[in-house]
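See structure below.
The values are calculated or read from the model by the stated rules, or taken from the named source; none is laboratory data. What you see is a predicted model; the values in this text were computed from it and never measured. So basically every Cβ, Gly included, is an ideal-geometry build from the backbone, and we count neighbours across all protein chains shown.
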């Protein structure tokens, strides 16, 4: 089990090509990096998997299976990269199934390209990363983090902050079975099985299954995760050519944790949802009186987050000629998920149901609910006088097709050219088919009326009542060209690259959108005639009217040519320097474009700032020292950001609120070192400094401004530190202790509220048992000191009222305070695992 501690590379300076381990995103990038010339560089390939030898001209850190297997079985890979400098991941529970928040150099997850065997995993609509849906860690060979830059063929139109790419393990040539069982705090259970078929007719393959269940660490509710994986692999010859097909299927059924304000956290960090629904729906079937069911605003049974996700991934590499390589990576992905769920109180005479043209005020002792309209009997009591609580999901169904391909030409031993093409085509369907609730307040069907016609709430004309109804297509096409040259006895490596992404968004909103509002109104009732602005009116409450944008379809295109340059120079056998420059773009998300669809449909300039693309220009200058026992790297970096958007998700309203904080100047330093002190002892440490300052005051309206100039970017710690020590006191025992410090983080743009710094330590211990082919007993303890802290943060404009936000007015114009909401970090958690192979 013990990793061979010291793997010395060639003892003399190499003058030819040397095949290095590759950690890039696609098969094409792997093929390019697989024959990087390494001149006179010695050193271990890895320090126990926590730090790996790098030879590229950009800031990158890689972890391997040797480190991953020491972490909690079943944990999300994004938690396992948390020791990497510049990375800060906050898990919403100790085991990884509740999601979390990734930040790299202050960039949130939606600005980081996440790939899995070269397949893009960011959401096609809002670029979000779903950390709880990632691959079982037993199947991950390597996970690489590009800090602040992309690869030249990165399949993304959103990555302004870097990339995270991980690769799956290959099947073994021999038959074998891996079994793993875990028990832990909060009634945690997990089982994992992997069967390798061995080599059959030149093919190798495996099939795996895992199932994880546990209780929330606070409040009521359970989490359940199942995952199936398979891979078939065949080498085509002895020069590295191969063909592979992989499959993944993941099912999550999660009860959510309640987030809380800082004040609530200080009073009771265990605050969560109610175990029972305190407003149980009355039995109205034999009661002709008016019934009102106000709903359960804090009931855990209505705070759930289900998802079904899967993908097929093909990989192909073939030498067309001895110096010409073709790679081809096709993929398909399927997603069915809720973006958050909640109830809505609906009156039986809501005009969306009876299409009467009038939406009455809910009945009261002085209003029998009889006026205007016939209504729609929802609860079967024979009248239409009631207000009924209905299940209102927000469902997303995505079908996504992708291709990444490269043609690589070795002009000679020192010069290489690659051309690459990427297609990422996603069909994104967002609906919200209302369904019914059981008497205890839980939904009859978690998907509402989407898949269960008997559970669907319908209007008098038979149409299903929808919370939202949108369809979009996101089509990314990208051409890339890269040159790699090696000079001066291969000490100097130059990379010159350019990529040209073109993102086309086709958007269709089938509902009426409030003019300047967020909640759509999905109805077949007849609107009024359009006004001069093109808006219409629809009934709301009582006799009031509201201006709406009619259903609309439009298309927008975003494109930019992005240079990607790098150079590295090995000036001794152990030391090298590098520098890189990259430009990146993040095109607007679908929600932003829908919100401002009237301007987009008219093809007028999108003057609303949150619908403008973000752009960055990043520079890294770094140094590496790689000796027989030490791997060290350090880098200074700078990023100029234009049109920086900050997103806050409100789980109560299910709205993602965007605000453009303008230009942001970021700069900092990252450093890490690994030392193989002895055969039995290794140490690793990293540190990061991040200065992210807003360049302008935030404009709220034509005449009002928020004083944000010179303030620090929200959710971004200035300093983070991490470290790990691994020790084998005897051959059968391996011990590991690691820690992470995260500095203070602001929660508001004006920096008038912040959360405290925190430090978390984790312990792992493994004992080798003399059974089967290999049997281990492993104990993991996370948050060893039981630190009580806030992990994933929400953010807002200001936590305290601000005066004089309008300099054109006399007197005090007040910007009212906004409450921000956050997630508590997980407490101390213990797990024991038995692993065996035969």
Tell me the residue from 195, 243, 228 that is free of Cβ contacts under 8 Å to residues at least 40 places away in the same chain and more than 24 Å from the chain's Cα centre (by Cα), please. 195
Name the one entry in 805, 779 that is more than 24 Å from residue 269 (Cα to Cα), assigned to a loop (DSSP other than H, G, I, E, B), touching a strand residue (DSSP E or B) at 6+ places or on another chain (Cβ under 6 Å) and in contact (Cβ under 8 Å) with a residue 24 or more places away in the chain. 805
Residue selected from region 702-727 under the condition free of Cβ contacts under 8 Å to residues at least 40 places away in the same chain and either over 24 Å from the mean Cα position of the chain (by Cα) or buried (at least 23 other Cβ atoms within 10 Å of the Cβ) (or both), by the criterion nearest to residue 669 (Cα to Cα): 710
Given (1) within 24 Å of residue 446 (Cβ to Cβ); (2) over 31 Å from the mean Cα position of the chain (by Cα); (3) modelled with pLDDT of 95 or more, identify the lone condition not met by residue 234. (1)
Selection from region 126-175 of residues in contact with a strand residue (DSSP E or B) (Cβ under 6 Å, 6 or more places away or on another chain) and on the phi > 0 side of the Ramachandran plot yields 148, 162
State yes or no: is residue 663 modelled with pLDDT under 80, more than 22 Å from the chain's Cα centre (by Cα) and under 21 Å from residue 689 (Cβ atoms)? yes
Being touching a strand residue (DSSP E or B) at 6+ places or on another chain (Cβ under 8 Å), surrounded by 19 or more Cβ atoms within 10 Å (Cβ to Cβ) and over 30 Å from residue 319 (Cβ atoms), is that true of even one residue in region 407-416? no
Of the conditions (1) part of a strand (DSSP E or B); (2) surrounded by fewer than 16 Cβ atoms within 10 Å (Cβ to Cβ), residue 237 satisfies every one except a single condition; which number is it? (1)
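Results for (1) buried (at least 23 other Cβ atoms within 10 Å of the Cβ); (2) in contact with a helix residue (DSSP H, G or I) (Cβ under 7 Å, 6 or more places away or on another chain); (3) under 29 Å from residue 242 (Cα atoms); (4) modelled with pLDDT of 95 or more, shown as yes or no for each residue.
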residue: 124; (1), (2), (3), (4): yes, no, no, no
residue: 144; (1), (2), (3), (4): yes, no, yes, no
residue: 151; (1), (2), (3), (4): yes, yes, yes, no
residue: 162; (1), (2), (3), (4): yes, no, yes, no
Extreme residue, modelled with the highest pLDDT, among residues of region 329-342 that are more than 30 Å from residue 404 (Cα to Cα) and surrounded by fewer than 22 Cβ atoms within 10 Å (Cβ to Cβ): 342
Can you tell which of 647, 653 is part of a strand (DSSP E or B) and either modelled with pLDDT under 95 or surrounded by fewer than 17 Cβ atoms within 10 Å (Cβ to Cβ) (or both)? 647
Looking at the structure I just gave you, is residue 795 modelled with pLDDT under 90 and within 27 Å of the chain's Cα centre (by Cα)? yes
May I ask you to list the residues in region 446-502 that are touching a residue at least 40 places away in the same chain (Cβ under 8 Å), within 30 Å of residue 342 (Cα to Cα) and not in a strand (DSSP E or B)? 446, 447, 448, 450, 457, 459, 460, 461, 463, 465
Can you pull out the residues in region 420-439 that are part of a loop (DSSP other than H, G, I, E, B) and in contact with a strand residue (DSSP E or B) (Cβ under 9 Å, 6 or more places away or on another chain)? 434, 436
Which residue out of 44, 73, 94 is farther than 23 Å from residue 148 by Cα, at pLDDT below 90 and surrounded by 24 or more Cβ atoms within 10 Å (Cβ to Cβ)? 44
